[in-house]
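Have a look at the structure below, then the notes.
What follows draws every value from the coordinates through simple rules; no lab data is involved. Every value quoted in this text rests on a predicted model; they were computed, and no experiment measured them. Neighbour counts run over all protein chains shown; Cβ positions are idealised from the backbone, glycine included.
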């Protein structure tokens with residue numbers, strides 16, 4: 001079954017059987033439950049972890065949880081975004097330098113690896129490391145030692161490595177952008193984090209959490225999200241994942257009027273609210289079974305381009321039953 005077909009069968013108001021909570025993460029997704037189980041195991045080891053997932057899925061959040069669940073929790077958790085540092089500065093940022101070792105080195109600098117001594121270093125966007133830098137990083141991984149730029153002393157390291165990327169490293173390897181030896185060295189325990197569109201059952205719950213958070217922060221009275229708005233949120237693609245959803249809810253709360261208690265479609269950013277939603281949901285925070293059934297039939301028919309045979313198959317009813325319901329609901 002296609003993801004869009006599955007989504008068509010998901011209730012608009014969240015009523016799921018089982019909720020999974022792990023540290024600061026709450027989810028209704030079985031995919032996330034499997035990830036929680038993996039975290040539980042790897043956190044207690046010293047193994048290098050590779051987190052793979054699209055931008056905004058929460059890779060840093062999971063990396064921090066792994067650190068907090070490990071025996072290194074009392075030491076530092078150091079974050080470095082490999083994509084945000086210029087190529088000519090990345091070595092100094094990671095490994096440090098001595099005073100006068102290059103133009104502009106006016107004082108000694110302790111690199112991120114040394115800062116993380118005894119703790120964990122989280123290397124975000126690892127695929128952005130230049131090939132020359134990958135060689136030096138591999139050496140540190142293998143030998144557990146480093147030298148600051150311009151120094152002759154070797155520093156022994158005791159650091160847990162957690163790396164993350166939003167790229168397919170196997171493809172980067174094929175294209176010559178990533179070293180094979182580093183790929184196998186870093187890919188000890190791989191955790192693939194699903195995008196929000198593959199765990200859309202979490203959208204209502206996350207939306208409500210963000211609504212409460214930002215209503216308090218901006219001193220607003222928003223308590224609920226109406227059903228038309230929730231329908232839009234459920235069926236938007238969220239290419240920016242949880243981060244994009246959070247930003248959308250924050251923006252919606254900011255522009256909402258002080259006396260509004262229900263978040264409406266007109267509060268959403270225009271690129272999200274232009275979704276062709278269902279007007280009968282407007283203003284509602286609860287929905288009857290008959291109303292939902294009508295909405296579900298309309299939505300499913302839209303998803304399959306009006307193909308009634310396909311719609312009946314997705315909905316799990318006979319074609320004639322679908323015809324009868326369409327007649328009853330004046331669809």
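Projecting label points 7 angstrom from Cα along Cα→Cβ for residue 147 and residue 33 puts them 5.3 nm apart.
Within the chain, antiparallel bridges make up roughly 25 percent of the DSSP beta bridges whose residues both belong there.
Among 72, 185, which comes first, then next, by fewest other beta-carbon atoms within 10 Å? It would help to have the intermediate numbers written out before the result.
Values: 72 20, 185 15.
So the residues, fewest neighbours to most, are 185, 72.
Evaluated at q = 0.13, 0.23, 0.30, 0.32 Å⁻¹, the base-10 log of the normalised Debye intensity for the range 288-331, with identical point scatterers placed on the Cα atoms, takes the values -0.22, -0.71, -1.18, -1.29. For the pair the range 30-104 and the range 143-159, the centres of their Cα atoms are 19 angstrom apart. Based on the Kirkwood approach, the hydrodynamic radius assigned to the range 27-108 is 15.5 Å, with every pair of different Cα atoms included. With no solvent and one equal point scatterer placed on each C-alpha of the range 103-160, evaluate the Debye formula and give log10 I(q)/I(0) for q = 0.21 Å⁻¹, two decimals. After summing over all Cα pairs, the log10 values are -0.96. For the pair the range 249-266 and the range 181-237, the centres of their Cα atoms are 18 angstrom apart. Taking a temperature of 25 °C and a viscosity of 0.890 mPa s, what whole-number D in µm²/s does Stokes-Einstein yield for the chain with Rh from Kirkwood over alpha carbon pairs? Reported coefficient: 107 µm²/s.
With the helix formula -39500 (n - 2.57) applied to DSSP H stretches of n ≥ 4, the chain reaches a computed 222 nm mean residue ellipticity of -12500 deg cm²/dmol. Extension gain, residue 223 to residue 110, is 35.9 nm, computed as 0.36 nm per intervening residue step minus the present C-alpha separation. Using bins of 10 Å that start at zero, the share of Cα-Cα pairs per bin across the range 128-208 amounts to 13, 37, 25, 16, 8, 1, in whole %. Taken along its three principal axes, the alpha carbon spread of the range 30-192 comes to 54, 40, 27 Å, from the longest extent down to the shortest. Tell me whether the range 201-285 comes out rounded, prolate or oblate; compute the Cα gyration tensor, take square roots of the eigenvalues as a ≥ b ≥ c, and use a/c under 1.5 as the rounded threshold. Oblate.
Which whole-number percent gives the relative contact order of the chain, counting Cα pairs below 8 Å spaced six or more residues apart?
Dividing the mean separation by the residue count of the chain yields 20 percent.
Computed extension length for residue 45-residue 181: 46.8 nm, one decimal, from 0.36 nm per residue of separation with the Cα-Cα distance subtracted.
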